[in-house]
Every structure is written in C-alpha cells, then in structure tokens.
Amino acid sequence: MNTHLYNSGQQILGYGEDSQFACRLLSGSAKVLRAGDVIGTITSGQYFGALAALTGNKRAATIVASEDCLVEHINNQTFKDMVQNTPEALDKIS
C-alpha cells in the first residue's frame, strides 16, 4: 500500500494537475475546492481523484486536508482494474 500523511491545511491534489493516481482517504477529512470555494467534503473511506484517474483528464478540483490525513495513492491502472472488478467501489467515490 502506497500511503502518505498530509498535515492539516496541506494540499493533497491540485486543480489542473495531471493524474498519476486516484486516492482513498484512510483517516481524517479533506475539503474539495474550486476557484477558492469549498464545494464538498471527503471523509474517511471515500475515494477521490477518480474522474481524472479513469479518464486521463486533468484534476477538476483542489483537495486540502482539513485535519491530519492518511491517504492511499492508487495508480491509474490499478484503480481502473478495481472499478471494473469491484463495481460497488463506485459508491464510495467523491
């Protein structure tokens, strides 16, 4: 498992970045921002960065840790395989 610790206030993903991986929040919470506005919240167990991972498009939002977060990075191909083999994972995508 490829895990990373992000401190409160630290950027996890940036708007417009290339996608090399999707993420799953293992602990903590994070804010979803677009143009500086909070448009959502990610909680433990949810996947994010999925759209870019599945389509190859650039990141559509910035994700910032609201508190200390442990995040699993899942490379694009592994994530695509997981979605194809475990469709119920789609229920946890933010």
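Can you find, within the range 56-94, the residue that is surrounded by the fewest Cβ atoms within 10 Å (Cβ to Cβ) among those that are polar (S, T, N, Q) and touching a residue at least 24 places away in the same chain (Cβ under 8 Å)? Going through the qualifying residues, I end up with 57. With respect to (1) of a type in the set (A, V, I, L, M); (2) exposed (fewer than 11 other Cβ atoms within 10 Å of the Cβ); (3) in contact with an Asp or Glu (Cβ under 6 Å, 6 or more places away or on another chain), the lone exception for residue 26 is condition (2).
The set of residues in the range 31-50 being crowded, with 16+ Cβ neighbours inside 10 Å and either among the β-branched types (Val, Ile, Thr) or in contact (Cβ under 8 Å) with a residue 40 or more places away in the chain (or both) consists of 32, 42, 46, 47, 48, 50.
No value in this document is a laboratory result; all are computed from the given coordinates. Computed from a predicted structure; not experimentally measured. A quick note on method: Cβ atoms are made from the backbone with ideal geometry, for glycine too, and the neighbour counts reach across all protein chains shown.
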